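The values are calculated or read from the model by the stated rules, or taken from the named source; none is laboratory data. Every value quoted in this text rests on a predicted model; they were computed, and no experiment measured them. In this analysis, Cβ positions are derived from the backbone assuming ideal geometry, glycine residues included, and neighbour counts consider all displayed protein chains. Areas reflect the complete protein model, heavy atoms only, side chains present, ligands, DNA and RNA absent. Shrake-Rupley method; radii C 1.70, N 1.55, O 1.52, S 1.80 Å.
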Amino acid sequence: QLFGTIARLDGSLLPLLVTGETGVGKELVARALHEGSRVSSGPFVPINCGAIPRELVASTLFGHKKGAFTGATEARRGAFGAASGGTLLLDEIGELPLDVQPALLRVLERGEVVAVGEDVPRKVEVRLVAATHRDLLAEVRAGRFREDLYYRLSVVKLVVPPLRDRREDIAELATFFARQEGQSGLPADVLEELAARPFPGNVRELRNVVLAYVALGVAPAAEGAGSSTVGGGLDQALSAAVRLDLIRKVRLVDKA
């Protein structure tokens, strides 16, 4: 259903809200939306709103002129300027400070931004995709997110399901990640064990488990599952890795 909706949105520049738990692949959905849009030849600029210091949010998004504040030694065009003619992903939109939200609403309604320290707005043509793991309606009710901005962002809302609700994808995804690391695939018993895991960290957690398996030859234990793992346990694998490292160092000393 999700893939079908993405396909039907090909060519559209409507603002979109992508929701789902952490690690489900919301940025990949945003990239797919960009690649199917009329601005696919333009830049794709991802910004994590939760990773920006509060005092720099407006400058990061809308730019600033030289000397607008202490440390502004040169002018910056901001994320909207960098994404002009393409797509801007505002990830973790629920972390956006309340006082910055009116400026974002203005961009959506008028297609123009005002850089920090400037008075004259400038036009921007950007396809905006917002993403969050939060319940934005609950944030609206709590007074932490503007209701008008929520409805302006969620013209179309896409929900990415957690990995536990699509277990049939686990083996295929795990094989894909293993092949990215130069492996032909994963043993059947490993795939079977992975398919039974809860994966609270979703696809991101699955990828990390596969990377650990490729590097160490065993899969780390599932969260909350004690030390039990495929192939004897991560602790054993790490111990083996430490032993191998010591052996290499001893050989280097002998050669010297």
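Here are the numbers for the structure shown:
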| quantity | calculated |
| --- | --- |
| Cβ pairs under 6 Å, 6+ apart, first in the range 147-162 and in contact (Cβ under 8 Å) with a residue 60 or more places away in the chain and more than 7 Å from Leu16 (Cα to Cα), second open to solvent by 50 Å² or more (accessible area, probe 1.4 Å) and among the charged types (D, E, K, R) | Pro162/Glu21 |
| Residue among Phe3, Phe62 that is at pLDDT below 95 and over 18 Å from Val107 (Cβ atoms) | Phe3 |
| Qualifying residue in the range 222-234 (condition: buried (at least 17 other Cβ atoms within 10 Å of the Cβ), under 31 Å from the mean Cα position of the chain (by Cα), hydrophobic (A, V, I, L, M, F, W, C) and modelled with pLDDT of 55 or more) | yes |
| Strands (runs of 3 or more DSSP E) fully within the range 1-107 counting 1 or more residues that are open to solvent by less than 60 Å² (accessible area, probe 1.4 Å) and without any contact (Cβ under 8 Å) to a residue 60 or more places away in the chain | 44-48, 87-91 |
| Condition met for Leu149 (modelled with pLDDT of 95 or more, open to solvent by less than 30 Å² (accessible area, probe 1.4 Å) and assigned to a strand (DSSP E or B)) | no |
| Among the candidates Gly117, Gly25, Gly85, Gly20, residue that is touching a His at 6+ places or on another chain (Cβ under 7 Å), on the phi > 0 side of the Ramachandran plot and modelled with pLDDT of 90 or more | Gly20 |
| Qualifying residue in the range 164-182 (condition: at pLDDT 85 or above, basic (Lys, Arg) and outside any helix (DSSP H, G or I)) | yes |
| Unmet criterion (only one of (1) more than 20 Å from Arg38 (Cα to Cα); (2) open to solvent by 10 Å² or more (accessible area, probe 1.4 Å); (3) out of contact with any Lys or Arg (no Cβ under 9 Å at 6 or more places or on another chain)) for Val124 | (1) |
| Residue count, the range 187-198 (criterion: closer than 19 Å to Arg166 by Cα and part of a loop (DSSP other than H, G, I, E, B)) | 3 |
| Test result for Glu112, at pLDDT below 90 and either surrounded by fewer than 19 Cβ atoms within 10 Å (Cβ to Cβ) or over 22 Å from Pro46 (Cβ atoms) (or both) | yes |
| Qualifying residue in the range 194-203 (condition: more than 20 Å from Thr60 (Cα to Cα), open to solvent by less than 20 Å² (accessible area, probe 1.4 Å) and under 21 Å from the mean Cα position of the chain (by Cα)) | yes |
